[in-house]
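Following: one structure in structure tokens, then a few remarks.
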Amino acid sequence: MKVVKIIAIVLLVAFVGIQFMPTTRNQSDSVPSTDFMLVNNVPENIQKKLQVSCYDCHSNNTQYPWYNQVQPVAWFLEDHIKEGKAELNFNEWDSLSNRRKKSKLRSIIKQIESDEMPLYSYTLIHKDASFSEAEKQELIRWIEQLKDSI
Amino acid sequence: MSKLKSTLGIVAIAFITLTAMSCKDNKNEQNNADGNHSEMSADEDHSKMNHDNSDEHHDGDKKEMAMSGDGNSQAVLKDYFNLKNALVADDNAKAKELGAILATSLGKLDISKYTDAQQSDLKDIVEDAVEHAEHIAESDIAHQREHFKILSKDVTDMVAITGTEMKIYEQFCPMYDNNKGGAWLSMNEEIRNPYFGDKMLKCGKVQREIN
């Protein structure tokens with residue numbers, strides 16, 4: 001009994017303690033001129049979909065819900081965002097060569113087609129981030145078009 | 001007395017936990033401070049590791065295939081063909097290894113002897129190809145084949161600039177990728193399909209001979 005109590009107290013202290021550990025937040029006020037939306041003529045509904053479903057991890061600006069400010073969730077999220085941005089950063093779209101743009105678009109299509117993106121762990125919480133079958137098709141069709149125009 | 005002891009115990013354990021946590025955090029902070037930089041250096045380390053690895057392989061292959069060494073397009077082609085053969089053999093682990101090796105030899109491609117326009121094209125090609133090769137180094141086989149399709153286009157475009165010492169066949173399987181098709185390069189005229197492997201080993205045809 002006493003041991004359980006001690007462990008509980010230790011965990012509580014540690015939990016409170018880690019809340020004070022800083023994480024770098026992925027937030028930026030300005031959108032660079034290389035942003036995907038600025039250099040491409042993106043229809044409004046597609047824009048909205050990309051913003052809601054992709055930009056949290058694939059841009060320099062994440063819309064954080066409250067629980068993502070709680071550790072250790074924030075660390076978990078930080079890693080995801082870092083990885084996501086390394087793979088694809090919509091804010092830096094125009095700094096890619098045409099060849100790489102095409103490659104990225106192809107990968108985006110594959111990821112959406114196979115339901116690998118948006119991540120399940122993400123849509124689980126962000127219900128509005130998941131795609132309906134129709135939305136998926138619409139998005140893929142538009143991205144195909146963009147790819148062929150490059 | 002015993003209360004004091006247990007309180008001390010709690011404080012000690014909490015202290016240790018926090019220290020451990022803050023270690024992780026320090027690391028994080030460092031990563032963040034360096035941003036992409038640290039990621040790049042991690043990648044560099046990684047490629048250095050592969051680099052050593054690949055040198056071993058190169059040595060072995062050199063004797064075997066009597067081809068020219070690092071830094072030229074023949075080295076890239078050789079590693080590309082090895083990767084292709086691993087995919088033909090449905091060998092996911094081998095393809096991972098060879099993807100990393102190809103990424104390294106692509107990175108070492110010496111483009112200085114080409115014209116400015118060619119250099120800029122080659123730079124684009126290499127940048128793209130390295131990314132696909134790196135993905136191949138860490139993916140399941142279906143993904144490897146997806147990346148291999150685009151990688152093959154990159155390597156084909158590279159050959160269009162650099163030329164090739166040996167005869168190469170561009171081959172094409174119309175069924176891959178939901179019947180959109182997929183092309184690849186081979187040293188042999190005979191079809192060995194890297195997109196389907198054993199499932200459809202001989203599906204495809206020679207599209208073009210490149211000398």
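The values are calculated or read from the model by the stated rules, or taken from the named source; none is laboratory data. Please read all numbers here as calculations on a predicted model, not as lab measurements. Cβ coordinates were reconstructed from backbone atoms using ideal geometry, including for glycine residues, and neighbour counts include every protein chain displayed.
Might you check whether a residue that is among the polar types (S, T, N, Q), within 12 Å of chain B (Cβ to nearest Cβ) and within 30 Å of B:Val126 (Cα to Cα) occurs anywhere in the range A:82-90? Looking through the range A:82-90, at least one residue is among the polar types (S, T, N, Q), within 12 Å of chain B (Cβ to nearest Cβ) and within 30 Å of B:Val126 (Cα to Cα).
B:Ser112 falls short on exactly one of the conditions (1) under 26 Å from B:Asp198 (Cβ atoms); (2) of a type in the set (Gly, Ala, Ser); (3) without any contact (Cβ under 8 Å) to a residue 12 or more places away in the chain, and that condition is (1). Taking the criterion of being in a helix (DSSP H, G or I), without any contact (Cβ under 8 Å) to a residue 24 or more places away in the chain and crowded, with 17+ Cβ neighbours inside 10 Å, the residues of the range A:79-99 that qualify are A:Lys82, A:Arg99.
In the range A:33-78, what residues are acidic (Asp, Glu) and loosely packed, with under 13 Cβ neighbours inside 10 Å?
The answer is A:Glu44, and nothing else.
Scanning the range A:1-22 for residues that are within 22 Å of A:Gln69 (Cα to Cα), within 8 Å of chain B (Cβ to nearest Cβ) and not aliphatic (A, V, I, L, M) yields A:Gly17, A:Pro22.
Residues of the range A:111-132 that are over 17 Å from A:Phe90 (Cβ atoms), within 12 Å of chain B (Cβ to nearest Cβ) and outside any loop (DSSP other than H, G, I, E, B): A:Glu113 alone. Against the definition (modelled with pLDDT of 90 or more and over 13 Å from the mean Cα position of the chain (by Cα)), how does B:Ile125 come out, yes or no? For B:Ile125, the condition - modelled with pLDDT of 90 or more and over 13 Å from the mean Cα position of the chain (by Cα) - is met.
Against the numbered list (1) aliphatic (A, V, I, L, M); (2) crowded, with 23+ Cβ neighbours inside 10 Å; (3) touching an Asp or Glu at 6+ places or on another chain (Cβ under 9 Å), B:Val155 comes up short only at (3). The single condition from (1) assigned to a helix (DSSP H, G or I); (2) under 20 Å from B:Lys153 (Cβ atoms); (3) more than 14 Å from every other protein chain (Cβ to nearest Cβ) that B:Ile111 fails is (1). With respect to the conditions (1) of a type outside the set (Val, Ile, Thr); (2) more than 14 Å from the chain's Cα centre (by Cα); (3) within 10 Å of chain B (Cβ to nearest Cβ), A:Leu105 lacks only one, and its number is (3).
I'd like to check something: does the range A:23-32 contain any residue that is of a type in the set (Ser, Thr, Tyr), facing chain B (nearest Cβ under 9 Å) and surrounded by 15 or more Cβ atoms within 10 Å (Cβ to Cβ)? Within the range A:23-32 (the criterion being of a type in the set (Ser, Thr, Tyr), facing chain B (nearest Cβ under 9 Å) and surrounded by 15 or more Cβ atoms within 10 Å (Cβ to Cβ)), the answer is yes, since at least one residue qualifies. Remark: pairs (first residue in the range B:192-203, closer than 14 Å to B:Ile141 by Cβ; second residue among the small types (Gly, Ala, Ser); Cβ separation under 6 Å; 6+ apart in sequence or on different chains) = B:Asn193/B:Gly204; B:Tyr195/B:Gly182. Just checking, does the range A:63-74 include any residue being within 18 Å of A:Ser28 (Cβ to Cβ), within 14 Å of another protein chain (Cβ to nearest Cβ) and over 10 Å from the mean Cα position of the chain (by Cα)? Within the range A:63-74 (the criterion being within 18 Å of A:Ser28 (Cβ to Cβ), within 14 Å of another protein chain (Cβ to nearest Cβ) and over 10 Å from the mean Cα position of the chain (by Cα)), the answer is yes, since at least one residue qualifies. Among the residues of the range A:1-43, those that are modelled with pLDDT of 80 or more, hydrophobic (A, V, I, L, M, F, W, C) and not in a helix (DSSP H, G or I) comprise A:Val31, A:Val42. Please go through the range A:44-72 and give me each residue that is assigned to a helix (DSSP H, G or I) and at pLDDT 80 or above, ordered by number. Within the range A:44-72, A:Glu44, A:Asn45, A:Ile46, A:Gln47, A:Lys48, A:Lys49, A:Leu50, A:Gln51, A:Val52, A:Ser53 qualify.
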